[in-house]
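Here's the structure we're looking at; comments come further down.
The values are calculated or read from the model by the stated rules, or taken from the named source; none is laboratory data. Please read all numbers here as calculations on a predicted model, not as lab measurements. As a convention, Cβ positions derive from the backbone with ideal geometry for all residues, glycine included, and neighbour counts pool all protein chains shown.
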Amino acid sequence: MDEFVVRGGRRLEGSLQVDGAKNAVLPILAACVLTRETVHLHQVPLITDGENMGQILRTLGCSVVRDGSTVTVRADDLHTYEMPDRLSKQIRSSIFLLGPILSRFRRATVTYPGGCEIGLRPIDLHLTGLRALGVDIREEGGMIHCDGAKMHSGEVHFDYPSVGATENVMMASACLPGVTRIHNAAREPEISDLQGFLNAMGGCVRGAGGHTIEVEGRPALHGVEYTPMPDRIVAGTMLCAAAITGGEIDLKRAPVSSLTAIDAKLREMGCRIREEKHRVMLSAPRRLTAFSKLQTSPYPGFPTDMQVQMLALLTCARGTGVIVENVFENRFTHAGEMSRMGASILLSGRTAVVRGVETLWGAPVTARDLRGGAALILLGLKAAGETRVARADLVDRGYDAIEDKLSALGADIRRISSGE
Ligand code: UD1
């Protein structure tokens, strides 16, 4: 397995274009199953979660072809409603296929999904949502069997605004006669992007970005060319990379309006940030100042997917800061690895208290999940000497060639095969 070798101490400077968002692309790929016509998606990052989703679609009978950053999907030959076991376990987003497959076959079988080891991640809300649409669901031997013979539009209430469950119900209901209302829907920008995609296919979805989404079912959806939104977490990670090195960055094709929570924290840490329509420019002080508190919560709150990168920034900031993780229960797993590099982090349940230190040193460390891996790279950019981050494969799930992006900004980072 590959690892990243980072030599710290360089100030990052330069400009970068943000790729399409993993969390927008994955549900959109699933939604391609809703039409028999061809879909062209542009600016699709080359990340393993996306490639695995493509592979699942192929196993179901779709044609999925990549040409540069354009991916073309055609689902006219879809021949099975049973999702492949091994691949589904690898990515959690395979669960989104339940909605689209039910829409096509009125049946679906899926194994319990996989994904990052960041918490329990149950799927009860997905199943509650589908049951509210009349789907009969049997869970048996690790498999979920869905019978949608009696599917209908309806009222869906979520106890918690789950991103994936909201998307699943939007897709399941896109072609059901009548109006489906999703109450306490997730409000993440990727939900609005999925609405944009479904509507571009001839669907009729309103309200994304708010608490209630209305889906007016259409008998059929058509093919489309679509460019998923740029990735706010990749953009945030790159802002952090510049910030931790006291550098400057000019992000092009940035999802500006969805970065406000991240920008606010970076400003609190002393960074100067200027925004234009699709552009964010950050200039960092030589040493960051700790913010007093950060709490993650559903959008528009601070995104859990940026929490560990901010933890990395705090480890070397001036002062002491507190982070409370409210979304996933297991998202401080990298604190131990960071301590090996000199960080001072005190953990208690969902809270981390971080006392910033002046010097971090390079060490061999191991990524345990996607965002944590990126955070260890950030620390490596700051630390003196060499940091080796094992399990590059976890970072590749959601960052398209992160080492090339950081090198282009002046970082000393390369990828090697383990044992090299
Ligand atoms: C999506 C994102 C992920 C991000 C997360 C929260 C994708 C592909 N992934 O994941 O990067 O970290 O949103 O912003 O878009 N929950 C339940 N039951 C369910 C579903 C979720 O209890 O049926 C809980 C989860 O355990 C978690 C919380 O709800 O504690 C948030 O999960 P959810 O919003 O569903 O996240 P995902 O869609 O899995």
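The residues of region 177-195 that are buried (at least 21 other Cβ atoms within 10 Å of the Cβ) and either more than 16 Å from the ligand (Cβ to nearest atom) or in a strand (DSSP E or B) (or both), listed by number, are Thr180, Ile182. Against the test of being farther than 24 Å from Cys240 by Cα, under 22 Å from the mean Cα position of the chain (by Cα) and either in a helix (DSSP H, G or I) or touching a residue at least 12 places away in the same chain (Cβ under 8 Å) (or both), the options Gln55, Gln43 yield a single qualifying residue, Gln55.
Residues in region 109-152 that are small (Gly, Ala, Ser) and at pLDDT 95 or above were compared, and the one that is nearest to Tyr81 (Cα to Cα) is Gly148. Consider region 146-162 and keep the residues that are under 27 Å from the mean Cα position of the chain (by Cα) and either more than 16 Å from the ligand (Cβ to nearest atom) or within 17 Å of Glu214 (Cα to Cα) (or both). The one that is surrounded by the most Cβ atoms within 10 Å (Cβ to Cβ) is Val156.
When restricted to residues that are closer than 19 Å to Glu403 by Cβ, in contact with an Asp or Glu (Cβ under 7 Å, 6 or more places away or on another chain), more than 16 Å from the ligand (Cβ to nearest atom) and part of a helix (DSSP H, G or I), region 224-266 contains 1. For region 167-176, the set of residues classified as of a type outside the set (D, E, K, R) and part of a helix (DSSP H, G or I) consists of Asn168, Val169, Met170, Met171, Ala172, Ser173, listed by residue number. Go through region 395-411 and give me each residue that's crowded, with 21+ Cβ neighbours inside 10 Å and assigned to a loop (DSSP other than H, G, I, E, B). Those that are crowded, with 21+ Cβ neighbours inside 10 Å and assigned to a loop (DSSP other than H, G, I, E, B): Arg397, Gly398, Tyr399, Leu409, Ala411. Restrict the check to region 163-176 and report whether at least one residue is more than 25 Å from the chain's Cα centre (by Cα) and either more than 30 Å from Tyr399 (Cα to Cα) or within 16 Å of the ligand (Cβ to nearest atom) (or both). Scanning region 163-176 turns up at least one residue that is more than 25 Å from the chain's Cα centre (by Cα) and either more than 30 Å from Tyr399 (Cα to Cα) or within 16 Å of the ligand (Cβ to nearest atom) (or both).
Can you list the strands (runs of 3 or more DSSP E) lying wholly within region 295-368 that have 2 or more residues being within 28 Å of Gly164 (Cα to Cα) and not polar (S, T, N, Q)?
Values: elements: 320-324, 344-348, 351-355, 364-366.
Result: 320-324.
With respect to (1) of a type in the set (Val, Ile, Thr); (2) within 16 Å of the ligand (Cβ to nearest atom); (3) surrounded by fewer than 24 Cβ atoms within 10 Å (Cβ to Cβ), the lone exception for Thr289 is condition (2).
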